[in-house]
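Encoded as structure tokens, the structure appears first; notes follow it.
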Amino acid sequence: RARVAVLLSGTGSLCAALLAATEDPGYPAEVVVVGSDRTADGLEHARRRGIPTFTCALADHPDRSAWDRALAEALAGYEPDLVVSAGFMKLVGPAVLAAFGGRLVNTHPALLPAFPGAHAVRDALAAGATVTGATVHLIDAGLDTGPIIAQREVAVRPDDDETRLHERIKEVERELLVETVARLSAPGSMSRQATRKNP
Ligand code: GAR
């Protein structure tokens, strides 16, 4: 099975969905570590299953570049085939990109390139969008700009507020993430080719 590292900053419902999927032995990936940039409730989903966790906080490092290097090192220790940012609210830097570029994916609660950034659901509502959704994409140096791997639409309802709409997006996002990680974890896919010399 492909080795997946998950990064999160919050409640981690996406991470929980991925962990639940990995309980099926036929699922082609396992979660080997869950990392965070802060004390996050989401780490509990991993702890409960005996999966290692780590916290790499920006405030514990002299600057952003030292933090980025420490994050790359912490991840590398678990030899992941794929790194999944699932509600990780920080931009990774050049050290993480150099170590994991091309097998580093993010899930975002909007149909990118529409509504990038930290307030995608609020921004979609404010713009009067009638359709929004979820996107899984490769991470590059920009803010939610990397190549799109998968997307799914969610209709905006007239009575939606940010919380309600985000919850409906997350329902779709969990499925999309579980399916996409499976696809990326299949033998012969990009993440496996990057690290498995003798498949
Ligand atoms: C998800 O909707 C994810 O796409 C979003 O945070 C939520 C995390 O949910 N990420 C971003 O907005 C990153 N820009 P969760 O904590 O319940 O998994």
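Which GluC sites (Glu not before Pro) does region 1-55 hold that lie in a coil by DSSP with at most 15 other beta carbons within 10 Å? Within region 1-55, the qualifying GluC sites (Glu not before Pro) (loop, at most 15 other Cβ atoms within 10 Å) are Glu23. A dipole drawn for the chain from +1 and -1 charges on Cβ atoms has a positive end, and of Ala124, Gly12, Thr53 the residue lying farthest that way is Thr53. What percentages, rounded to whole numbers, describe P(r) for the chain computed over all alpha carbon pairs with 10 Å bin width beginning at zero? Percent of pairs per bin, in order: 9, 37, 37, 15, 2, 0.
On full extension, the segment bounded by Asp161 and Arg48 gains 37.4 nm, given 0.36 nm per residue less the C-alpha separation. Per residue of the chain, the DSSP helices (runs of n ≥ 4 H) give a summed -39500 (n - 2.57) that works out to -10500 deg cm²/dmol at 222 nm. Peptide packing for 150-163, 133-146 was compared via the average number of neighbouring C-beta atoms within 10 Å per residue; ordered from the highest value, the list is 133-146, 150-163. A simple charge model with +1 on the Cβ of Lys and Arg, -1 on the Cβ of Asp and Glu and nothing else charged puts the dipole of the chain at about 560 debye relative to its Cα centre.
The numbers here are math on the coordinates, done by the rules we state, and not lab data. Everything numeric in this text was worked out from a predicted model, so none of it was measured. Every residue, glycine among them, receives a Cβ derived from its backbone with ideal geometry; neighbour counts consider all protein chains shown.
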